[in-house]
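The values are calculated or read from the model by the stated rules, or taken from the named source; none is laboratory data. Computed from a predicted structure; not experimentally measured. Backbone-built Cβ (ideal geometry, glycine too); neighbour counts: all protein chains shown.
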Amino acid sequence: MMTLKIKNSTEEIEIGKIVCVGRNYAEHAKELGNEVPEKPVVFLKPASAIIFSGDEIKYPPFSEEMHHEVELVLLIKSKIKNPTIEEAHNAIAGYGVGLDMTLRDIQSKLKSKGHPWTIAKCFDTSAVLSKFVLKDDSNLTLNEEIYLSVNDEERQRDKLNKMIFKPAELVQYLSSLMTLDKGDLIFTGTPKGVGKVEKGDVIKAGIEGVAELTAEVC
C-alpha cells in the first residue's frame with residue numbers, strides 16, 4: 001500500500017490509480033513532433049512506479065534515453081463520475097509536483113509500430129512525487145510557474161496556465177471515461193523543455209506555492 005503525505009497534516013492518504021495526461025502543453029506537443037490534441041491524451045501508471053522526493057530513480061537496463069517531465073499532480077478526494085465542472089473542481093483535494101519519467105527511445109519505437117506506450121511509462125521509479133498541499137491551503141491560480149533543473153541547470157520553466165486542458169476540465173473528462181476514487185492521482189502534463197538524463201544526474205523540480213522535489217538518477 002502506497003500512501004501520500006499532506007503538508008501541515010498528519011493524514012496519510014492511500015494512493016489509488018494514477019491517470020496521466022500527455023500533450024497538455026502545445027509547445028511540448030510540438031517539440032516532440034506531435035499534433036496538439038483536441039481531447040486529452042490518456043495513459044496509466046501503476047502504483048508500483050511511485051517513489052518520493054529524496055528517493056533514487058533507477059535507470060532501466062533496457063533503455064538508453066530516459067527523459068524528465070515535470071507535472072502538476074491532482075489528488076482526488078472522493079468518488080466521482082460524470083460531474084459538472086463545479087463538481088469536478090470540488091473533487092480535487094490537493095496538489096503536488098510529479099516527475100513522469102519516460103523512456104523516449106522505447107516510446108518512439110512503440111509509437112512507430114502503433115503499439116501502446118506502457119513499457120516507456122510504467123517502469124519502477126518512473127513516477128516521483130512531492131508532498132501534497134491541500135487545495136484550500138494553496139490558493140492555486142494557474143499563474144504559478146512550474147520548473148525543473150538537472151544538476152542546477154534549468155531545463156523546464158513555464159506557466160501552469162499554458163495547459164490546454166485545465167485541472168477541473170481534466171477531472172470532468174477523465175471521470176467520464178472511468179470512475180475516479182479517493183486517492184487517485186492525475187498527472188496533468190508537462191511543458192516544453194523535456195530532455196535526457198544520465199546516471200548521477202540530480203533533478204530538482206517544483207511549482208510556486210505548491211511543493212518541490214529532488215531525486216537522483218542511478
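A few notes on this one:
- In the condition set (1) more than 15 Å from the chain's Cα centre (by Cα); (2) part of a loop (DSSP other than H, G, I, E, B); (3) closer than 13 Å to Leu74 by Cβ, Gly189 is compliant with all but (1).
- Qualifying residue in the stretch 108-125 (condition: in a strand (DSSP E or B), in contact (Cβ under 8 Å) with a residue 12 or more places away in the chain, touching a Pro at 6+ places or on another chain (Cβ under 9 Å) and within 22 Å of Ile18 (Cα to Cα)): no
- Within the stretch 128-187, considering residues that are under 23 Å from Met66 (Cα atoms) and among the acidic types (Asp, Glu), the one surrounded by the most Cβ atoms within 10 Å (Cβ to Cβ): Asp158
- Considering residues of the stretch 3-47 that are at pLDDT below 90 and aliphatic (A, V, I, L, M) only, the residue farthest from Asn161 (Cα to Cα): Leu32
- Only one of the numbered conditions (1) closer than 12 Å to Ala127 by Cβ; (2) assigned to a strand (DSSP E or B) is violated by Ser48, and that is (2).
- Residues (acidic (Asp, Glu) and surrounded by fewer than 15 Cβ atoms within 10 Å (Cβ to Cβ)) located in the stretch 105-127: Asp124
- Cross-chain or 6+ apart pairs with Cβ under 8 Å, the stretch 23-47 first and hydrophobic (A, V, I, L, M, F, W, C), then assigned to a helix (DSSP H, G or I): Ala26/Lys162; Val36/Ala26; Val36/Ala29; Val36/Lys30; Val42/Leu174; Val42/Leu177; Phe43/Thr118; Phe43/Lys121
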